[in-house]
Amino acid sequence: MAGTGALVLLSACGTAVPTEDERPAEGWSFSDGAGNEVTLDEHPQRVVAYSGVASALWDYGYEVVGVFGPVTTAGGQPDPQIGDVDTERVEVISETYGEMSVEKLASLEPDLIVTHAYDDLAWYLPEEVDQIEAVAPLLRIQVTGAGAEELLADHLDLAVALGADPHGEAVAGALHDFDASLAELSAATEDRPALKVVAVSASPENLYVANAAAGGDLELFAEHGVRLPETDAPDTDQFEELSWEEADKYPADLLLQDSRPTSTPLADQPTWRTLPAVEAGQVGAWAAETPYSYTRYAEVVRALAADISEAEPLEH
């Protein structure tokens, strides 16, 4: 992963801390862990980003000029993807998937546009991105197949490459808090080694069991002792789709329910209410699209550690 000059990952006593070599007189480049690279003639000053990326950059002290993607929930509350981004100071270009006003984007005069990529899909942007790329270069941070720690490093490296202080409290505090949260999770799983944890999302017709083999946050949880099922889904698929009749395929002592604002409520689903973990009140929240910020992840990991500590193995 490289930004302006070379971002060198120095081993600390926990999570690696990025530091910046002396910047070259001209030019700027960045590549993510998957090798997606953008090279510019000058250091970008005005960045427009997908809300989840903007949230991570903001946590480290770098402010974008515009965002697209989830910003406000249907109830008028800030969407988890936007984090602490001050939308009074940042232009919201579009909250609708696949739609964007090129004129509104161009009016911000961005030097760089950043989003996530799921394979070849540029997240939340129109399917044909030629008009978007005509406004400014597009950096796609590849999410498919990447682990959470790789993506956390990508987003921090990008923030530092854009100008965030790698030695400032925003970065140092986030890294320290993240390491502490992982220690809490490891302690919780060591105390509950037999506890079976299943993360799920749902629709009215189906239950979707999350697949830790696909990477992301669940891979990180598993690396710290969380006992997640080996699903029958291909490693590249984020979920295994089940009918509600199959909802008990993977016995769970603790269920983690998709907490995204757009997720299907499950409280009134009859089959859901009969699952042992639900009957025992052992249901936690799963923030399935947590922005890749060490600050946000520390909150999620710490909440999971608490859920595990409070749960007990059940008879199945």
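Assign unit charges at the C-beta atoms only (+1 for Lys and Arg, -1 for Asp and Glu), then state the dipole size of region 124-217 relative to its Cα centre in Debye, rounded to the nearest 20. List each step's numbers first, then the result.
Values: 3 positive and 17 negative charges, 68 e Å.
For this selection, approximately 320 debye.
Sum up the charges of everything whose Cβ sits under 15 Å from the Cβ of Ala106, counting Lys and Arg as +1 and Asp and Glu as -1, but leave Ala106 out.
Numbers: positive: Arg46, Lys104; negative: Glu91, Glu103, Glu109, Asp111, Asp130, Glu133.
Value of the local net charge: -4.
Which listed residue (Gly33, Ser259, His167) has the Cα farthest towards the positive end of the charge dipole for the chain, taking +1 on Lys and Arg C-beta and -1 on Asp and Glu C-beta about the Cα centre?
Ser259
Mind ranking Arg89, Arg192 by accessible surface for me, highest first, 1.4 Å probe?
Numbers: Arg89 145, Arg192 45 Å².
Largest accessible area first, the list is Arg89, Arg192.
Along the charge dipole of region 104-222, which of Ile132, Ala146, Pro204 sits closest to the positive end, that is, farthest toward it, with unit charges on the beta carbon of Lys, Arg, Asp and Glu (+1, +1, -1, -1)?
Checked the options; the winner is Pro204.
Non-local amide H neighbours of Gly83 (under 5 Å, H modeled in plane, Pro and chain starts lacking H): which ones?
Correct list: empty.
Under a point spin-label approximation (7 Å from Cα along Cα-to-Cβ), what is the Glu37-Val102 distance to one decimal in nm?
Calculated label separation equals 2.8 nm.
If ligands, DNA and RNA are left out, what is the accessible area of Ser186 with a 1.4 Å probe, given in Å² to the nearest 10?
For Ser186, solvent-accessible area is about 30 Å².
Can you give the FRET efficiency to the nearest 0.05 for Asp191 and Ser243, using r as the Cβ-Cβ distance and R₀ = 25 Å? Walk me through the numbers before you get to the answer.
Working: r = 35 Å, r/R0 = 1.39.
Efficiency, from the Cβ-Cβ distance: 0.10.
If you take the charge dipole of the chain about its Cα centre, with +1 on Lys and Arg Cβ and -1 on Asp and Glu Cβ, which of Tyr294, Ile93, Val47 is farthest toward its positive end?
Tyr294
Taking a ≥ b ≥ c as the square roots of the Cα gyration tensor eigenvalues, with a/c under 1.5 meaning rounded and otherwise prolate when a/b beats b/c, else oblate, which class fits region 164-262?
Working: a/c = 2.50, a/b = 1.74, b/c = 1.43.
Verdict is prolate for region 164-262.
Quote the accessible area belonging to Tyr297 in square angstrom, nearest 10, computed with a 1.4 Å probe and with ligands, DNA and RNA left uncounted.
Ignoring ligands and nucleic acids, Tyr297 comes out at about 10 Å².
Can you give the log10 of the normalised intensity I(q)/I(0) at q = 0.07 Å⁻¹, computed with Debye over equal Cα scatterers of the chain?
With no solvent term, the Cα-only Debye profile gives -0.29.
Using a Förster radius of 35 Å, what is the FRET efficiency between Ala280 and Asp232 based on their Cβ-Cβ separation? Nearest 0.05, please.
Numbers: r = 26 Å, r/R0 = 0.73.
The pair Ala280/Asp232 has a calculated efficiency of 0.85.
Need the C-alpha centroid separation for region 270-285 versus region 94-143, integer Å.
Answer, in whole Å: 40.
Label-point separation (nm) for Ser263 and Val92, each offset 7 Å from Cα along Cα-to-Cβ?
2.2
Can you pull the accessible area of Glu149 for me, 1.4 Å probe, Å² to the nearest 10?
80
Which whole DSSP H helices in the chain pass both tests: a Cα extent of 15 Å or more along the axis and a mean Kyte-Doolittle value no lower than 0.5? Each step should come with its number before you reach the end.
Details: long enough: 148-162 (21 Å, 0.88); 169-191 (32 Å, 0.18); 294-310 (24 Å, 0.02).
The qualifying helices are 148-162.
The values are calculated or read from the model by the stated rules, or taken from the named source; none is laboratory data. Everything quoted here is computed from the prediction, not taken from an experiment. As a convention, Cβ positions derive from the backbone with ideal geometry for all residues, glycine included, and neighbour counts pool all protein chains shown. The accessibility values were calculated without ligands, DNA or RNA, using every heavy atom of the protein model including side chains. Shrake-Rupley method; radii C 1.70, N 1.55, O 1.52, S 1.80 Å.
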